[in-house]
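Below: the structure, in structure tokens.
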């Protein structure tokens, strides 16, 4: 099969609460331009819309976005609204609140609990929806997330949010949130070249409790918001050669192999790269290959 003929079905599905999603989704940040957070070159609008259309054609029904994903001329939420509304019944759009940027794109400090309703309503307005499928509270170095998460739990009770998640958390923060309301997903930074015992613990806790674990920057590595990394461990390069695949595809496949509850949300503004990312869901790594990648991961720490 060529990448263009492989769909998201190859990676299987998982439930976010009562919502079935493809284990390969789409991160929307890259739709806005080459440097969404740094006033870089804005994306070509038609190309970004083509990526969204192609994602649906390839079977993706999980898109991860945020109101603070915007560049000089592009807003990820607006692009999603323009391309995909009216939305298919099975399309799940996840967003996140906590961080925020002002009109000029400058970052503010973490939103206060009493500001979160306004941020949720801004996502609703931009996306053209009357409720949000999944909202993550992105922790911004707070020691406790109880007050912030409690504010989102109230919005869930009011019907503005269907499901809740947490992001950038330690096990204690997840437990703190679960004491307030159900958590269906955790979104933490996680990658084959970035070992972190704390995140490994969160991954295991999520597996034991049936909670989705959604790594961000799994493809980007240390490049972060700047896009896919060009720095790959030799183990990643070797496995890629063995499969006739790209290093990025190996990174995505390794991510998915961390458990059936793990979802991948690689971001791209390129339709061709999107097809390659989706095709990674069909890449099956052997136990030996996984062991080599895991060993390299531990050594990179």
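The values are calculated or read from the model by the stated rules, or taken from the named source; none is laboratory data. Quick caveat, the model's predicted, so the values are computed rather than measured. Every residue, glycine among them, receives a Cβ derived from its backbone with ideal geometry; neighbour counts consider all protein chains shown.
Considering only the stretch 72-116, state which residues are part of a helix (DSSP H, G or I) and under 20 Å from residue 141 (Cα atoms).
Start the filter on the stretch 72-116 by keeping residues that are part of a helix (DSSP H, G or I), which leaves 76-84, 113-116.
The answer is 113, 114, 115, 116.
How many residues, within the stretch 1-46, are modelled with pLDDT under 95 and part of a strand (DSSP E or B)?
2
Just the residues that are in contact with a strand residue (DSSP E or B) (Cβ under 8 Å, 6 or more places away or on another chain), assigned to a loop (DSSP other than H, G, I, E, B) and closer than 20 Å to residue 175 by Cβ, please, taken from the stretch 117-148.
Residues of the stretch 117-148 in contact with a strand residue (DSSP E or B) (Cβ under 8 Å, 6 or more places away or on another chain): 119-120, 123-124, 126-127, 129, 131-139, 145, 148.
When the remaining residues are screened for being assigned to a loop (DSSP other than H, G, I, E, B), the result is 129, 131, 139, 145.
Across the stretch 117-148, the qualifying residues are 139, 145.
Please go through the stretch 70-95 and pick out each residue that is closer than 16 Å to residue 160 by Cβ and touching a helix residue (DSSP H, G or I) at 6+ places or on another chain (Cβ under 9 Å).
77, 93, 95 - these are the residues of the stretch 70-95 that are closer than 16 Å to residue 160 by Cβ and touching a helix residue (DSSP H, G or I) at 6+ places or on another chain (Cβ under 9 Å).
Any chance the stretch 52-71 includes a residue that's in a helix (DSSP H, G or I), out of contact with any strand residue (DSSP E or B) (no Cβ under 8 Å at 6 or more places or on another chain) and free of Cβ contacts under 8 Å to residues at least 24 places away in the same chain?
Yes, there is a match, as at least one residue in the stretch 52-71 is in a helix (DSSP H, G or I), out of contact with any strand residue (DSSP E or B) (no Cβ under 8 Å at 6 or more places or on another chain) and free of Cβ contacts under 8 Å to residues at least 24 places away in the same chain.
Restricting to the stretch 169-199, count the residues that are over 18 Å from residue 138 (Cβ atoms), exposed (fewer than 15 other Cβ atoms within 10 Å of the Cβ) and at pLDDT below 95.
The qualifying residues number 1.
Only one residue in 260, 247, 266 is closer than 21 Å to residue 195 by Cα, touching a helix residue (DSSP H, G or I) at 6+ places or on another chain (Cβ under 9 Å) and buried (at least 24 other Cβ atoms within 10 Å of the Cβ). Which one? Spell out how you get there, then give the answer.
On the way: 260 fails: buried (at least 24 other Cβ atoms within 10 Å of the Cβ); 247 fails: buried (at least 24 other Cβ atoms within 10 Å of the Cβ).
From the options 260, 247, 266, the qualifying one is 266.
Tell me whether the stretch 204-218 contains one or more residues that are modelled with pLDDT under 95 and either closer than 18 Å to residue 15 by Cα or outside any loop (DSSP other than H, G, I, E, B) (or both). Write out each step before concluding.
Of the stretch 204-218, the ones modelled with pLDDT under 95 are 216-218.
Narrowing the set further to residues that are either closer than 18 Å to residue 15 by Cα or outside any loop (DSSP other than H, G, I, E, B) (or both) leaves 216.
Scanning the stretch 204-218, I find at least one residue that is modelled with pLDDT under 95 and either closer than 18 Å to residue 15 by Cα or outside any loop (DSSP other than H, G, I, E, B) (or both), so the answer is yes.
Identify, from the list 128, 118, the residue that is modelled with pLDDT of 95 or more and at positive phi. Quick ask: steps written out before the conclusion?
Details: 118 fails: at positive phi.
Answer to the selection: 128.
Note down all Cβ pairs under 7 Å where the first residue falls in the stretch 192-211 and is farther than 20 Å from residue 253 by Cα, the second is at pLDDT 95 or above and not in a helix (DSSP H, G or I), and they're at least six residues apart or on different chains.
So the pair list comes out as 198/170; 210/261.
Pairs needed: first member in the stretch 282-301, loosely packed, with under 11 Cβ neighbours inside 10 Å; second member anywhere, in a helix (DSSP H, G or I); C-beta distance under 7 Å; at least 6 residues apart or different chains.
Qualifying pairs under 7 Å: none.
State all residues of the stretch 169-201 that are within 22 Å of residue 23 (Cα to Cα), part of a loop (DSSP other than H, G, I, E, B) and touching a strand residue (DSSP E or B) at 6+ places or on another chain (Cβ under 9 Å); if no residue qualifies, say none.
Correct list: 169, 182, 183, 184, 188, 190.
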